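Scroll down for the structure; my scribbles are underneath it.
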Amino acid sequence: MDLPDFLTFKATGSLSRSMCSLVCKWGYQASEENGCYWDDSFWQSIGLQELVSDAYAAIGTDVKTPGQPCGQGLTVTAAEQLGLVAETAVACSMIDAHAGGLGSIGCNVDGDPFLNSLPLRCRLPVICGTSTCHMAISERSLFVPGVWGPYLSAMVPGFYTSEGGQSAAGKLLDHVIETHPAYGEVRDALQSTEYLQNVLNSNLEKLSNKKCIRLAALTSNLHVWPDFYGNRSPLADASLQGMMCGLTLDRSAANLAVSYLATVQALAYSTRFIVEALTAGGHNIKLMVLSGGLSKNSLYCQTHADVTGKYTRI
């Protein structure tokens, strides 16, 4: 049982399984043409044929799509532990990025009739935190090399989900910042209410004004390949490694800020690479909706908008 299903089991006592978890992680087959089913040949080929016995009792057949209720709601025990009322409805569980994608894809874009009119299939939720997931949906099955899926009803019922991603995003920014010689200096100068990346953003603005060049051009001699933890999409090569080209002996706080900027730009170009792969596979992305911890970083969001050329909202 996957963690999302275990949580609903603990809350309701129901052994129902989440379509989201099963099609994305368990090899469950789901398509409009052939319906939904366990593929016996898959389990047999990996030596787990016992899981198909007893009508799949060990892995479950009560499969629910996002939004469907589990069991009879909260059990008395779970309700007492949570301070809620017994039989309070509990929705089918979802993987974290898919839950974020569902919350983002249908958002209302205030004051913009054009963006609000865009169909869901033209919106790309970008769930950006320690890693990043790019959650595209389509009304028909679209296979995109190097992108996970398509998975029917994994995020939005009735739609196929294609999931691209970056194995390290916020974690990569932390790594570049915290391994730079000037990290201690910048960290120790922070006020109690300041956030380090916001300070770096401010320092980049000052450096841009001082040099009388566009902020983005500060990295004209420093470039980053961001696959420090392999490439998840669209190259799908876990053996790839990262690179910084243009390093000097500069150990200053200004150089830390520029190194951080080059990494932000690299992540944005990586997202563009993923969007281009999705487009080549038949998707029509017009709007990116960013959510997660990195969506609070204005430089990260603006750089993604600039590099991809897509409408971008938070």
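Charge dipole of the chain (Cα centre as origin; +1 on each Lys and Arg Cβ, -1 on each Asp and Glu Cβ, all else neutral): 1120 debye, rounded to the nearest 20.
Here the dipole of the stretch 1-147 is about 280 debye; that uses its Cα centre as origin and unit charges on the Cβ of Lys and Arg (positive) and Asp and Glu (negative). Each of TYR269, TYR229, LEU240 was placed along the dipole of the stretch 226-314 (beta-carbon charges, centred on the mean Cα), and the one lying farthest toward the positive end is TYR269.
Shown is the FRET efficiency for LYS25 and SER53, computed with R0 = 25 Å from the Cβ-Cβ distance and rounded to the nearest 0.05: 0.75. Lysine pair count for the chain (Cα-Cα distance under 25 Å; residues 8 or more apart in sequence or on different chains): 10. Just the C-alpha atoms of the stretch 174-222: what Rg/Rh do they give, with Rh taken as the Kirkwood radius? Over the Cα atoms of the stretch 174-222, Rg/Rh equals 1.00.
Most mobile of LYS211, LYS25, LYS171 per a Gaussian network model of the chain (Cα springs, under 10 Å)? Judging by the Gaussian network model, the answer is LYS211. Among residues other than LEU235 with Cβ under 13 Å from its Cβ, the summed charge is -2 (Lys and Arg +1, Asp and Glu -1). Tell me the angle of helix 253-280 to the major Cα principal axis of the chain, expressed in degrees between 0 and 90 and rounded to the nearest ten. Taking the Cα atoms of the chain, the angle to 253-280 is about 40 degrees.
Rolling a 1.4 Å probe over the protein chains gives LEU84 an accessible area of about 100 Å².
Treating r as the C-beta distance of ARG214 and ASP96 and R0 as 30 Å, the FRET efficiency rounds to 0.25. Each of ARG187 and PHE42 was given a label point 7 Å from its Cα along the Cα-to-Cβ line. The distance between the two points is 4.3 nm. In this label model, ASN198 and THR61 are separated by 5.5 nm, measuring between points 7 Å along each Cα→Cβ vector. Taking all protein chains into account, the per residue accessible area for the stretch 101-184 stands at 38 Å² (1.4 Å probe).
The values are calculated or read from the model by the stated rules, or taken from the named source; none is laboratory data. From a predicted model like this one, the values you see are computed outputs, not experimental measurements. Positions of Cβ are backbone-derived with ideal geometry, glycine not excepted, and every protein chain shown enters the neighbour counts. For accessibility, only protein heavy atoms count, side chains too; no ligands or nucleic acids. Shrake-Rupley method; radii C 1.70, N 1.55, O 1.52, S 1.80 Å.
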